[in-house]
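See structure below.
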Amino acid sequence: MKKATYGQASPEPVRTFIFLGDSITDSGHLWDDDPRCLGQGYVRKIADNLSDPSCRLVNLGQEGFTTGDVLRLLRREEQALADLLCRPETSSKAPCPCQTDTHCVSLLIGANDLSVAVYADPSWIPDRFAANIHEILSLIRCFHTGPLFVMEPFLFPTPSEHRHWFPLLDKEHRILREAAGQYGCLYLPLQNILNRAAAKQGERLITPDGIHLTGEGNRIVAGEWLKAYSAAFFS
């Protein structure tokens with residue numbers, strides 16, 4: 001696993017933020033010349049807006065990932081993630097002074113699941129998507145009891161074929177909201193926020209292709225994450 005860091009070494013407990021997702025999260029992080037390896041998307045913008053030098057961000061997003069791929073990643077890397085989050089009872093390393101509530105795990109997934117349901121397996125949503133989401137959150141809760149952000153997947157109506165995908169996206173939203181409540185997660189609604197921005201500024205200023213985000217779109221998503229971060233850690 002490629003580990004990216006943010007900030008300098010600090011004698012204080014480090015806050016580690018792990019980001020899971022698809023290409024929207026990935027945003028080229030494995031090709032990043034920046035030693036933090038955060039990519040060019042919303043994760044990078046979050047890092048650039050955090051003033052706390054003890055924060056460490058780890059981008060584990062991967063282009064093309066579905067919920068099934070995230071699940072396989074978690075099954076394979078559960079111990080490594082436990083080590084990153086310094087949970088003494090699960091980590092193979094010596095116990096550290098970190099507390100799990102100083103860390104955060106964030107999940108943004110669902111766009112590629114729509115493609116699977118449309119082009120390959122009509123039962124993928126809701127059946128497989130729901131099963132995967134519940135197992136993903138359950139696995140995360142095995143090594144992390146602190147803040148867990150479930151970010152709402154989003155879609156734009158251009159190109160026009162996307163308009164036929166919105167009923168499936170609505171099902172994803174319902175599954176994610178319900179699962180977030182069940183596993184004690186903070187749900188971040190993004191679709192309506194991005195819709196309003198697209199209506200005000202023009203869709204092309206928010207997304208280049210109806211799925212991914214421009215710099216402005218990433219700025220908006222990062223802003224919503226930072227609001228959730230403030231609420232989780234400072235309210």
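The values are calculated or read from the model by the stated rules, or taken from the named source; none is laboratory data. Small disclaimer: the values here were computed from a predicted structure and weren't measured. No Cβ is skipped: glycine too gets one built from the backbone with ideal geometry, and neighbour counts run over all protein chains shown.
Residues of the stretch 208-235 that are under 15 Å from residue 152 (Cβ atoms) and part of a loop (DSSP other than H, G, I, E, B): 211, 213.
May I ask you to verify whether residue 170 is more than 26 Å from residue 50 (Cα to Cα), over 19 Å from the mean Cα position of the chain (by Cα) and among the acidic types (Asp, Glu)?
No.
The residue that is nearest to residue 226 (Cα to Cα), among those in the stretch 83-106 that are in contact with a Cys (Cβ under 8 Å, 6 or more places away or on another chain) and modelled with pLDDT of 70 or more, is 103. Filtered by the rule that a residue be part of a helix (DSSP H, G or I), surrounded by fewer than 21 Cβ atoms within 10 Å (Cβ to Cβ) and either of a type outside the set (A, V, I, L, M, F, W, C) or in contact with a His (Cβ under 6 Å, 6 or more places away or on another chain) (or both), the stretch 46-87 gives 48, 49, 68, 69, 72, 75, 76, 77, 78, 79, 83.
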